[in-house]
Amino acid sequence: MSETTTARVVAPVARPAARRVPGRGRHKPAGPLAYVGLVAASAFAVLPLLWAVSTSLKSKGAVLSDGGWVPAAPTLQNYATVLFDSQVPRYLLNSIVVAGGSVALTIVLALLGAYATARFQFRGRDASLFLILMTSMIPGIAILVPLYFLAVRTGLYDTYLGMIVVYTAWQVPTVLWMLRGFLQSIPASLEEAGRIDGAGDLRIMVQLVLPLAKPGIAAASVVAFVAVWNDFLIASTMVSSDHKRLVSVGLYNYLSQYGIEWGQLTAAVVVTVVPMILLFVLMEKRIVSGLSAGATKG
Amino acid sequence: MTMSLTTPPTAPPPSRAPRPPATVPATRRRSLRSSRLPLALLAPAVALVALVSVFPILFALNLSVHETRYTQVGDLVGLQHYLSVLGTAQGWAMIGRSMVYVVGSLVLALPLAVGLAHLLDRPARLRRVFRVLILMPWVISQTVAALLWRWLLNPDYGPLGLGSLGGQRVDVLADPVLAMVALVLVNVWLSYPLATILVLAALQGVPAELHEAAEVDGATAFRRFRSVTLPMIAPTVFVVAIMLTLLYFNMVTLVLTFTGGGPFSATQLVSLEAYQQSFSYFNLGLGAAYSVILFVFNVVFGLAYIRMLRGDRDV
């Protein structure tokens, strides 16, 4: 639904479900050549970010005269301006509210749907799954104009709720497919046992399935959060007032509003990117393992 | 047994004593109730997706065959908008540029993702640090990536010495060919991390025994990767390829913020044109036609994906 269609059609397939036995590496440790590759790739990945950090620590004059990676006279002036004299903190807050709300709603809807389609045979199941999968092929740009009209007509234009609804619809297909794969990798025997003990379907879902699905839910949440946080098209179409603007759009407007003042702009970029990097560093391990477990079934 | 059939799903069973072996009623109960409960669980997701995706694409289809004047929908013009794209050299040039962009990005990003996933899967000192650093561009938005790279590639103030590269001033974004190369490069920078994460996740599902067996048989590291690992992760790699293809075809934000389609339309892609016709020039009908053309491209690739998934399940 946006060009960030990224993970919508994920549900990666790989089999069999054999887990790696801890402590028994399958590979020999990396050789010197591998380290060259790792270092080169790391440099490629972080160079643009490092240059931004370097620029953000330079004064207005030094940005154009001091071409070094390490600022000769570092200053925090740009950060002070961004944090205390700009709308950037407000944009950050908006993004947290909208991305958080969208992810929460997405997980609820997708988990219910994933559970229904992973555990039950029923008429309309395959058709529904096909429909949901097909919508991941709709380009975001194709439905922006209709969504704008729809939002204006329903009064959801320029509201947090409007964005949350659209983002949720955008993320539900991917997350549903991811969670469905994850649920299928959990043996149904536990639920059968619960059922024999007379537990109702809802109780089985909440008390037995939910705890087991947590790693998958965590990984899917992060993937969806990143996608929503980084979206530009929907955020720029669905909102007009400045105080409801999301970070991605806010940054872009910041650019055109003040002309290109690289010191301030890079400081703003660093401020908005740091929360995401923190989230990523904290969740990195879980993302890979959560996706891995879900990857065992298509 | 009849009692248990009429019990509401959430209520605890009244008494289990008089029941014969519980499996029979349990399965029966399940099949009876299953017609309504799963539908109810799935309904909200389907309804939302239908409202926010299916209805708008129908709306867009309708727009694409009408004359539009700003937000007013006028006369039916049939396929006129489509003809103005598919019947002109400029239209096909644009589709060609989109192809160059998609294929160029794909042949770089996919092998990079598989290779890096392989490297990051091996035990190495500082593996976590490498993982975090290498996968970091994943959390960067297209807008920010465009800004960062524009600043990095700046010929006058950038750190790469592009102002006097071999005595020449290289302004990447002012050169039609270099601009496309740079656009592909930035796109790869943005999109390889998620692909790497997915391949990495698939790699962790490859059983260790297979590798050990191959090693005992004396297979070289390359041979082991080609004959053991690659076939196991092939379905994931294929899905990732489709995912990236769709992402690249539909990409607007990066192109808009990095090159804006320039210089001299050298990076004017179908997706960007669809956006600009709708939001810059307010030719909603023509813009819709462009996005429907994109949609058709997506469906062709998407169907390949579904067929592959289906075929895979039969194995």
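Restricting to segment B:268-284, name every residue that is crowded, with 24+ Cβ neighbours inside 10 Å and more than 8 Å from every other protein chain (Cβ to nearest Cβ). Result: B:269, B:270, B:272, B:273. The set of residues in segment B:123-159 being of a type outside the set (A, V, I, L, M), assigned to a loop (DSSP other than H, G, I, E, B) and within 22 Å of the chain's Cα centre (by Cα) consists of B:141 alone. Taking the listed residues A:42, A:54, the one that is under 30 Å from residue B:229 (Cα atoms), polar (S, T, N, Q) and at pLDDT 85 or above is A:42, with no other qualifying. In the set B:181, B:132, only one residue is more than 8 Å from chain A (Cβ to nearest Cβ) and at negative phi; that residue is B:181.
Test residue A:103 against the stated conditions and say whether it is of a type in the set (A, V, I, L, M, F, W, C), touching a helix residue (DSSP H, G or I) at 6+ places or on another chain (Cβ under 6 Å), in the same structural domain as residue A:183 (by TED's automatic domain parsing) and assigned to a helix (DSSP H, G or I). So residue A:103 passes the test. Going residue by residue through segment B:75-82, is there one that turns out to be modelled with pLDDT under 95, within 26 Å of residue B:235 (Cα to Cα) and surrounded by fewer than 18 Cβ atoms within 10 Å (Cβ to Cβ)? The answer is no; no qualifying residue exists. Restricting segment A:109-138 to residues that are in a loop (DSSP other than H, G, I, E, B) and of a type in the set (A, V, I, L, M, F, W, C), the residue that is nearest to residue B:69 (Cα to Cα) is A:138. Annotation: residue B:222 fulfils all but one of (1) out of contact with any helix residue (DSSP H, G or I) (no Cβ under 7 Å at 6 or more places or on another chain); (2) within 10 Å of chain A (Cβ to nearest Cβ); the unmet one is (2).
A quick yes/no check of all residues on (1) surrounded by 21 or more Cβ atoms within 10 Å (Cβ to Cβ); (2) β-branched (Val, Ile, Thr); (3) more than 19 Å from the chain's Cα centre (by Cα):
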position: A:208; (1), (2), (3): no, no, yes
position: A:211; (1), (2), (3): no, no, yes
position: A:215; (1), (2), (3): no, no, no
position: A:221; (1), (2), (3): yes, no, no
position: A:225; (1), (2), (3): yes, no, no
position: A:230; (1), (2), (3): yes, no, no
position: A:239; (1), (2), (3): yes, yes, yes
position: A:242; (1), (2), (3): no, no, yes
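Beta carbons closer than 6 Å, at least 6 apart along the sequence or on distinct chains, pair a first residue in segment A:146-163 that is assigned by TED's automatic domain parsing to the domain that holds residue A:100 with a second that is part of a helix (DSSP H, G or I) and of a type in the set (Phe, Trp, Tyr) for A:146/B:59. Please verify whether residue A:166 is within 8 Å of chain B (Cβ to nearest Cβ), of a type outside the set (S, T, N, Q) and under 30 Å from residue A:270 (Cα atoms), treating the condition exactly as stated. Yes; evaluated as a whole, the condition is true for this residue.
Any residue that is in contact with a Pro (Cβ under 9 Å, 6 or more places away or on another chain), in the same structural domain as residue A:173 (by TED's automatic domain parsing) and charged (D, E, K, R) - is there at least one of those in segment A:242-259? No, segment A:242-259 contains no residue that is in contact with a Pro (Cβ under 9 Å, 6 or more places away or on another chain), in the same structural domain as residue A:173 (by TED's automatic domain parsing) and charged (D, E, K, R). Taking first residues from segment B:249-260 that are in contact (Cβ under 8 Å) with a residue 40 or more places away in the chain and at the interface with chain A (Cβ under 7 Å from one of its Cβ atoms) and partners that are of a type in the set (Val, Ile, Thr) and assigned to a helix (DSSP H, G or I), the Cβ contacts under 8 Å between residues at least 6 apart in sequence or on separate chains come to B:250/A:141; B:253/B:143; B:257/B:143.
Residues considered: A:91, A:115. Of these, the only one that is farther than 26 Å from residue B:61 by Cα, more than 9 Å from every other protein chain (Cβ to nearest Cβ) and touching a residue at least 40 places away in the same chain (Cβ under 8 Å) is A:91. Checked against the criterion of being outside any helix (DSSP H, G or I), closer than 30 Å to residue B:276 by Cβ and within 10 Å of another protein chain (Cβ to nearest Cβ), segment A:139-160 has at least one qualifying residue. Residue B:101 meets all of the listed conditions (1) modelled with pLDDT of 90 or more; (2) among the hydroxyl-bearing types (Ser, Thr, Tyr); (3) farther than 16 Å from residue B:291 by Cα; (4) out of contact with any Leu (no Cβ under 9 Å at 6 or more places or on another chain) but one, namely (4).
The values are calculated or read from the model by the stated rules, or taken from the named source; none is laboratory data. All figures in this text were calculated on a predicted structure; none of them were measured in a lab. Cβ: placed from backbone, ideal geometry, glycine included. Neighbour counts: every protein chain shown.
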